[in-house]
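Peer 1: Below: one structure in structure tokens.
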Ligand code: NAD
Ligand code: UDP
Ligand code: UDP
């Protein structure tokens, strides 16, 4: 271990984003403890790190206390897609709220700096476009998405109260739609759905007419933003939006995926889900100013390795790191 190397806990480290973060932190020479209950993550996502002397993997549910000695905590544990977080909504709220309390308690005891993976969903069905961090959001407290949205909002509240009450060094990132290798193939999200459908020459399921827009951030860009935020001066607490402001229609995404895979799939049109936002786009002025961060990977460039990952998955070689 070098003098600059730290002991870093990543909760949810065997998930999509967490596994890329662990990889980056290990490569930078840090000692990484990856904690995960494997609800949506998989050992295979970090299998290539298991032999590394600086990497340790632990099965643990963050709703239970955890006593370890660390310098930094990235709190990512939480299912992220509606299919997964609505499977056991009570557990989802417990993961966000009890998980935050336990990780904040751990940070308080060890004086570790702690970062929360929050979400653009704290803005709910926004009435402001694009969303700046000052916007307080428009969230239904009792709907089927509330376990995720309100759980994440409460976690933010806990972070800021531990900061004010106990002087903890906190960092809150509000993450917008992110994609890349190791996304869960059955998470029901648009990028994974479209790529899987294209690879299997099934119809591409557009909900509505496909004119709604989204912004997609490649996972490497997001991980860079998370690390920059963690390493930023102590007075930068966030919340800070991290996402790619480039806006694409869902139909445009479908066409790009078909072109990139050379698929014979055709477009099919189904009903638009209730409360489906017509537009979602981050305002990243704060991240640009405070972290000097902005995404560098255009959609076309990020789709290639993502498609490559799903191709290996379909071919049955899922254990290959993405
Ligand atoms: P993911 O589902 O791949 O990763 C979450 C990980 O947390 C999984 O490995 C899962 O097994 C683990 N986990 C869940 N409950 C746990 C518990 N109680 N104890 C321990 N581990 C638990 O999702 P992801 O896309 O990698 O998301 C990572 C974080 O980023 C989440 O907190 C998510 O809310 C946030 N986020 C992601 C996106 C995105 O577009 N991917 C957008 C906004 C926010
Ligand atoms: N906690 C933990 N690891 C630690 C310290 C605390 O998991 O190293 C948990 C513990 O379960 C506690 C929670 O974090 O309930 C909140 O800790 P805090 O010190 O804020 O509260 P208290 O212990 O006073 O309830
Ligand atoms: N979507 C779609 N077909 C799919 C999955 C999603 O047209 O197979 C649309 C969905 O209605 C939404 C957009 O793609 O307008 C993004 O959906 P996703 O669930 O990925 O993310 P979110 O709505 O949370 O931004």
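Read the figures in this text as sums done on the coordinates, not as results from a lab. Just so it is clear, the structure is predicted and the values come from calculations on it, not from any experiment. Every residue, glycine among them, receives a Cβ derived from its backbone with ideal geometry; neighbour counts consider all protein chains shown.
Peer 1: Equivalent ellipsoid semi-axes for region 186-279, as square roots of 5 times the alpha carbon gyration tensor eigenvalues: give them largest first, rounded to whole Å.
Peer 2: Value: 32, 16, 10 Å, ordered largest first.
Peer 1: Any idea what angle helix 219-230 forms with the longest principal axis of the chain, computed on alpha-carbon atoms, 0 to 90 degrees, nearest 10?
Peer 2: Result, in degrees: 20.
Peer 1: Let me ask you something else. Students often check this: by mean Cβ neighbours within 10 Å, which of 220-229, 36-45 ranks highest, and how do the rest follow?
Peer 2: Final packing ranking: 220-229, 36-45.
Peer 1: While we're looking at this one, here's another question. Based on other C-beta atoms within 10 Å, arrange 114, 83 from fewest to most.
Peer 2: Ordered by Cβ neighbours within 10 Å, fewest first: 83, 114.
Peer 1: Then there is this: Starting from the Cα gyration tensor of region 15-76, take the square roots of the eigenvalues, sort them a ≥ b ≥ c, and report rounded, prolate or oblate (rounded when a/c is under 1.5, otherwise prolate if a/b is larger than b/c, else oblate).
Peer 2: Verdict is oblate for region 15-76.
Peer 1: Return the Rg/Rh ratio of the chain with Cα-based radii and a Kirkwood Rh.
Peer 2: Checking Rg against Rh, the ratio lands at 0.95.
Peer 1: If each DSSP helix of 4+ residues adds -39,500 (n - 2.57) and the sum is divided by the residues in the chain, what number results at 222 nm, nearest 500 deg cm²/dmol?
Peer 2: -11500 deg cm²/dmol
Peer 1: Hey, another quick one. Can you say what percent of the DSSP beta bridges in the chain, counting only those with both residues inside, are antiparallel? Round to 5.
Peer 2: Taking every DSSP beta bridge within the chain, about 10 percent pair in antiparallel fashion.
Peer 1: What is the helix-to-structure angle for 190-199, meaning the angle in degrees between its Cα long axis and the longest Cα principal axis of the chain, kept from 0 to 90 and rounded to the nearest 10?
Peer 2: For 190-199 against the chain, the angle is about 50 degrees.
Peer 1: With N set to the number of residues, divide the alpha-carbon radius of gyration of region 92-200 by 2.2 N^0.38 Å and report two decimals.
Peer 2: 1.24
Peer 1: Cut-off is 10 Å between beta-carbons; in what order do 255, 300 appear when sorted fewest neighbours first?
Peer 2: 300, 255
Peer 1: Helix 89-110 against the longest principal axis of the chain: what's the angle in degrees, Cα atoms only, rounded to the nearest 10?
Peer 2: Roughly 30 degrees, rounded to the nearest 10.
Peer 1: Taking the alpha carbon gyration tensor of region 55-116, what are the square roots of 5 times its eigenvalues, largest first, to the nearest whole Å?
Peer 2: 22, 12, 10
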